[in-house]
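S.K.: Provided herewith is a single structure, encoded as structure tokens, for subsequent inquiry.
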């Protein structure tokens with residue numbers, strides 16, 4: 001038996017037994033009267049495909065029509081393996097998960113579709129939408145990052161809070177949200193699949209938007225690997241020509257301690273911004289960190305303070 005690799009809690013962990021259970025449902029097992037079955041939690045009924053409102057928290061913006069058409073053909077041949085998940089809102093049914101199945105059912109010419117009713121508030125539905133889409137490999141990183149940002153804005157919580165609720169690593173949340181700091185042209189290449197998330201993360205330490213666009217264009221035109229990109233960015237950061245370094249190098253640059261320079265380089269790559277370390281003969285010194293705006297400051301602060309600080313600021 002092959003065990004699926006899972007990311008996060010899974011849908012059934014958030015709302016009890018849910019759509020992850022791949023069980024075939026025949027028409028005999030479901031009330032044939034659309035919408036007439038009891039709407040208590042766990043009820044299974046058939047709903048009119050046009051009587052279901054969309055999920056307002058769906059982070060996915062585009063659906064592959066070829067994939068939907070293929071799924072529609074599968075529905076015609078094999079029926080549906082798992083009902084969609086809905087909730088009742090203001091006397092109507094609203095989709096929680098299963099939008100691909102619903103679209104495919106419409107394309108297949110179905111008038112109704114099996115649905116399981118669950119009780120869920122807006123926050124739970126938002127979390128379910130995030131989990132469902134995190135588990136889909138074809139959802140692009142920008143859409144995932146946007147879903148995280150929307151959740152944090154609407155529920156006024158920290159990245160640490162969200163990671164705990166979804167039972168995923170905080171780094172997953174942080175890394176995807178950091179991609180939203182990239183300039184729009186780079187985000188568009190990432191959405192189209194012309195850049196990978198690894199390429200995009202490697203561009204973050206540059207800080208300068210025109211330079212990030214220039215590097216991204218070079219990556220796509222030359223087919224550079226992530227490792228080659230990281231090396232190119234590191235060399236640029238070390239260069240005196242780099243616009244991301246706001247500190248003036250002393251004239252006798254070569255006399256600086258190579259260990260200090262190595263530490264500066266590591267901090268720049270780790271924090272994604274310019275860093276300058278100054279030391280005195282007495283052993284005292286200072287570390288100066290550049291930030292461009294409040295958002296970047298908060299990102300750096302969260303990274304430096306860690307979980308304990310995030311818990312205190314939540």
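No lab work stands behind these numbers, since they all come straight from the coordinates. Because the structure is predicted, anything quoted here is derived from the model rather than measured. Here the Cβ positions follow ideal geometry from the backbone for every residue, glycine too, while neighbour counts run over all protein chains shown.
S.K.: State the extension gain, in nm to one decimal, for the chain segment bounded by residue 305 and residue 222, taking 0.36 nm per residue of separation less the distance between their alpha-carbons.
M.R.: 26.0 nm
S.K.: In addition: Quick one: if the Förster radius is 25 Å, what FRET efficiency do residue 53 and residue 209 give, using the C-beta to C-beta distance and rounding to 0.05?
M.R.: Taking R0 as 25 Å, the efficiency between residue 53 and residue 209 is 0.05.
S.K.: With equal scatterers on the alpha carbons only and no solvent term, can you work out the Debye log10 of I(q)/I(0) for segment 183-244 at 0.13, 0.14, 0.18, 0.27 1/Å?
M.R.: -0.28, -0.33, -0.54, -1.21
S.K.: How much length is gained on full extension from residue 123 to residue 294, taking 0.36 nm per residue of separation minus their Cα-Cα distance?
M.R.: 58.9 nm
S.K.: State the extension gain, in nm to one decimal, for the chain segment bounded by residue 188 and residue 63, taking 0.36 nm per residue of separation less the distance between their alpha-carbons.
M.R.: My answer for the length gained is 43.4 nm.
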